[in-house]
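What follows is a single structure, written as structure tokens, with notes after it.
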Amino acid sequence: MLVLLPPSEGKSVPRRGRPLDLDALAFPALTQTRRRIGEELVALCTLDRDKAADVLGLGPTQADAIDRDAALWTQPTARADAVYDGVLYAALDLDTLDAAARRRASRSLAFASALFGLLRPADRIPAYRLSGHLTLPGLGTIASQWRDQLGPVVEEARGSGLLVDLRSSTYAALWKPTGPRNRIATVRVLHEAGGRRTVVSHFNKATKGRIVRALLADGASPRTVSALAEALRDLGWTVEEHGSRLDVVVAEI
């Protein structure tokens, strides 16, 4: 099973650690594209800070993000699962899993990234600012840079197992999986209260983090969408199947 997670837009800033080494990251087939995007990002943030703020969608109080992007190659790095610290990652809370579950996480989790394409939890990265929906001068859209690159890498990482695509719409646009529908699962989180169901946003991330944590802790490794649904039901979740999409219905958020 390979689980694709979105990055967090907010990031923990490493205070010390060796600089970024693209050659040390997982998925080496992506190195050339990572370097090309990184060099364009550094040039933008070094040569024209006002333009960088506009392109990156940063306000006057976020100048430190431009500084970090300008120093991409030299600033300290930490594990990706420590740098990403948003709602989903707080709920996932990999550090508090036992050793066996953390080993499963290292094998089965991959993080989508506008800058790096795809990362494993142990990959060392700096804090950076670059969202998947942006367009970089001289390169075009981020999606155009990754669309032809990610497919072969994801397919190799998945092997014969199930792909669980939990990316947000922004990062799902970087590459869309193909193949048998029973081997590609997506998840939608619904909140049920007073007989009505609504799609949640903020708590969607937290619920997905808890779902992945539960699967890792249990050691489940389903190979089809239906097997994933059954595994989640065994773990106490209310799950409805709609083709390749699973609706997880929660009463409390």
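The values are calculated or read from the model by the stated rules, or taken from the named source; none is laboratory data. Here the structure is a predicted model, which is why all the values come from computation and not from measurement. Neighbour counts are summed over all protein chains in view; Cβ atoms, including those assigned to glycine, are modelled from backbone coordinates with ideal geometry.
Would you say Ala110 is closer than 15 Å to Leu215 by Cβ, touching a residue at least 40 places away in the same chain (Cβ under 8 Å) and crowded, with 20+ Cβ neighbours inside 10 Å? Before you say what the answer is, go through the steps one by one.
Working: closer than 15 Å to Leu215 by Cβ: yes; touching a residue at least 40 places away in the same chain (Cβ under 8 Å): yes; crowded, with 20+ Cβ neighbours inside 10 Å: yes.
Yes: the conditions hold for Ala110.
Would you pick out the residues in segment 25-57 that are of a type in the set (Gly, Ala, Ser), out of contact with any helix residue (DSSP H, G or I) (no Cβ under 6 Å at 6 or more places or on another chain) and under 21 Å from Arg147 (Cβ atoms)? It would help to see each step written out before you state the result.
As a first pass, look at segment 25-57 and keep what is of a type in the set (Gly, Ala, Ser): 26, 29, 38, 43, 52-53, 57.
Adding the requirement that they be out of contact with any helix residue (DSSP H, G or I) (no Cβ under 6 Å at 6 or more places or on another chain) leaves 26, 38, 43, 53, 57.
Of everything in segment 25-57, those that are of a type in the set (Gly, Ala, Ser), out of contact with any helix residue (DSSP H, G or I) (no Cβ under 6 Å at 6 or more places or on another chain) and under 21 Å from Arg147 (Cβ atoms) turn out to be Ala26, Gly38.
Tally time: how many residues in segment 15-71 are of a type in the set (S, T, N, Q), within 18 Å of Leu118 (Cα to Cα) and surrounded by fewer than 13 Cβ atoms within 10 Å (Cβ to Cβ)? Working first, answer last.
Let us first name the residues in segment 15-71 that are of a type in the set (S, T, N, Q), namely 31-33, 46, 61-62.
Of the ones still in play, those that are also within 18 Å of Leu118 (Cα to Cα) are 31-33.
When the remaining residues are screened for being surrounded by fewer than 13 Cβ atoms within 10 Å (Cβ to Cβ), the result is 32.
Residues flagged as of a type in the set (S, T, N, Q), within 18 Å of Leu118 (Cα to Cα) and surrounded by fewer than 13 Cβ atoms within 10 Å (Cβ to Cβ) within segment 15-71 amount to 1.
For residues that are among the acidic types (Asp, Glu) and not in a loop (DSSP other than H, G, I, E, B), scanning just segment 138-191, find the one that is nearest to Val225 (Cα to Cα).
As a first pass, look at segment 138-191 and keep what is among the acidic types (Asp, Glu): 148, 155-156, 165.
So of that shortlist, the ones also not in a loop (DSSP other than H, G, I, E, B) come out as 155-156, 165.
Working: Glu155: 17, Glu156: 19, Asp165: 11 Å.
Restricting to residues being among the acidic types (Asp, Glu) and not in a loop (DSSP other than H, G, I, E, B), the top hit is Asp165.
Output the number of residues of segment 135-153 satisfying the condition of being in contact (Cβ under 8 Å) with a residue 12 or more places away in the chain and out of contact with any Leu (no Cβ under 7 Å at 6 or more places or on another chain). Reasoning before the result, please.
Applying the first criterion (in contact (Cβ under 8 Å) with a residue 12 or more places away in the chain) to segment 135-153 yields 135-139, 142-143, 145-147, 149-153.
Restricting the remaining residues to those that are out of contact with any Leu (no Cβ under 7 Å at 6 or more places or on another chain) gives 135, 138-139, 151-152.
Counting residues in segment 135-153 that are in contact (Cβ under 8 Å) with a residue 12 or more places away in the chain and out of contact with any Leu (no Cβ under 7 Å at 6 or more places or on another chain) gives 5.
Tell me whether segment 206-225 contains one or more residues that are among the acidic types (Asp, Glu), surrounded by fewer than 18 Cβ atoms within 10 Å (Cβ to Cβ) and more than 26 Å from Asp95 (Cα to Cα).
Looking through segment 206-225, none of the residues is among the acidic types (Asp, Glu), surrounded by fewer than 18 Cβ atoms within 10 Å (Cβ to Cβ) and more than 26 Å from Asp95 (Cα to Cα).
Taking Ser108, is it among the hydroxyl-bearing types (Ser, Thr, Tyr), touching a strand residue (DSSP E or B) at 6+ places or on another chain (Cβ under 6 Å) and at pLDDT 95 or above?
So Ser108 fits the description; yes.
Looking at Thr96, is it surrounded by fewer than 19 Cβ atoms within 10 Å (Cβ to Cβ), at pLDDT 95 or above, among the β-branched types (Val, Ile, Thr) and in contact with an Asp or Glu (Cβ under 7 Å, 6 or more places away or on another chain)? Spell out the reasoning first.
Values: surrounded by fewer than 19 Cβ atoms within 10 Å (Cβ to Cβ): yes; at pLDDT 95 or above: yes; among the β-branched types (Val, Ile, Thr): yes; in contact with an Asp or Glu (Cβ under 7 Å, 6 or more places away or on another chain): no.
When the stated conditions are applied, Thr96 does not pass them.
If I go through segment 107-142 residue by residue, how many of them are aliphatic (A, V, I, L, M) and closer than 16 Å to Leu56 by Cβ? Give the derivation first.
Step one: filter segment 107-142 for residues aliphatic (A, V, I, L, M), giving 109-110, 112, 114-115, 118-119, 122, 125, 127, 130, 134, 136, 139, 142.
Pick out the ones that are also closer than 16 Å to Leu56 by Cβ and you get 114-115, 127, 130, 134, 136, 139, 142.
Of the residues in segment 107-142, 8 are aliphatic (A, V, I, L, M) and closer than 16 Å to Leu56 by Cβ.
If the Cβ limit is 7 Å and pairs must be 6+ apart or interchain, which residue in segment 61-84 that is under 16 Å from Leu22 (Cα atoms) pairs with which residue that is modelled with pLDDT of 95 or more and aromatic (Phe, Trp, Tyr)?
Short answer, once both residue conditions are applied: Asp69/Tyr128; Leu72/Tyr128; Ala80/Phe111.
Considering only helices (runs of 4 or more DSSP H) fully contained in segment 1-113, which possess at least 3 residues that are among the β-branched types (Val, Ile, Thr) and out of contact with any Lys or Arg (no Cβ under 7 Å at 6 or more places or on another chain)? Give the derivation first.
Values: elements: 31-47, 49-56, 63-70, 80-83, 87-92, 99-108.
Ranges flagged: 31-47.
Of all strands (runs of 3 or more DSSP E) completely enclosed by segment 192-253, which ones contain at least 1 residues that are over 24 Å from Arg181 (Cα atoms) and without any contact (Cβ under 8 Å) to a residue 60 or more places away in the chain? Even if it seems obvious, please write down each step before you answer.
Values: elements: 196-199, 238-242, 245-250.
Correct list: 196-199.
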